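**Student:** The following block contains the structure, expressed as structure tokens.
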Amino acid sequence: MPAVAKQCENAGPTTTMAMSDVTDRIGNELAELAVAIHRLQVLISPLLNEAALRDPAHLKELQDIDRIYQRVGNLAEFLAALSLTLPQQWVLDPSTASRVITLSALATRLGLAESDENAPEHDSGDCDFFT
């Protein structure tokens, strides 16, 4: 049985949300990811351009990063537009699917988990080295 299926077994209490809310929240997360990808692209572009002078294959890596940025941004816009067209009466229970979300802050932003006030706060720029 795939790991995702095992995590989704024995679902606990159910809650319903409008599909439009879920798609909008996922679209917002993707939009934030697109911004982060763009920042990384700007940061590493000079390094890859310099490396491309020695090996043109690095230019393809730079193009791949740009393509990832564009795809994530397009998916964000698609979900945002889709959320506007979904009927409010279309609801779903995201609790089972939310079991695969391992980042508690992400689960909270998606509306799939309650905010844990006892959880340590980290700024988005903090770096954890898993020590």
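The values are calculated or read from the model by the stated rules, or taken from the named source; none is laboratory data. Just so it is clear, the model here is predicted, and its values are computed rather than measured. Counting neighbours? That spans all protein chains shown, and the Cβs are built from the backbone with ideal geometry, glycine included.
**Student:** How do the helices (runs of 4 or more DSSP H) wholly within segment 29-131 filter down when requiring 2 or more residues that are under 20 Å from the mean Cα position of the chain (by Cα) and at pLDDT 95 or above: which remain? Write out each step before concluding.
**Tutor:** Numbers: elements: 57-85, 95-98, 104-109.
The qualifying helices (runs of 4 or more DSSP H) are 57-85.
**Student:** For a quick check of your reading of the model, give me the residue pairs whose first member lies in segment 30-53 and is under 19 Å from Gln70 (Cα atoms), whose second is acidic (Asp, Glu) and surrounded by 13 or more Cβ atoms within 10 Å (Cβ to Cβ), with beta-carbon atoms closer than 6 Å and at least 6 apart or on different chains.
**Tutor:** Filtered contacts from segment 30-53: Leu48/Glu61.
**Student:** Report whether or not Thr16 is under 16 Å from Leu112 (Cβ atoms) and modelled with pLDDT of 90 or more. Please lay out each step first, then the result.
**Tutor:** Numbers: under 16 Å from Leu112 (Cβ atoms): yes; modelled with pLDDT of 90 or more: no.
For Thr16, the condition - under 16 Å from Leu112 (Cβ atoms) and modelled with pLDDT of 90 or more - is not met.
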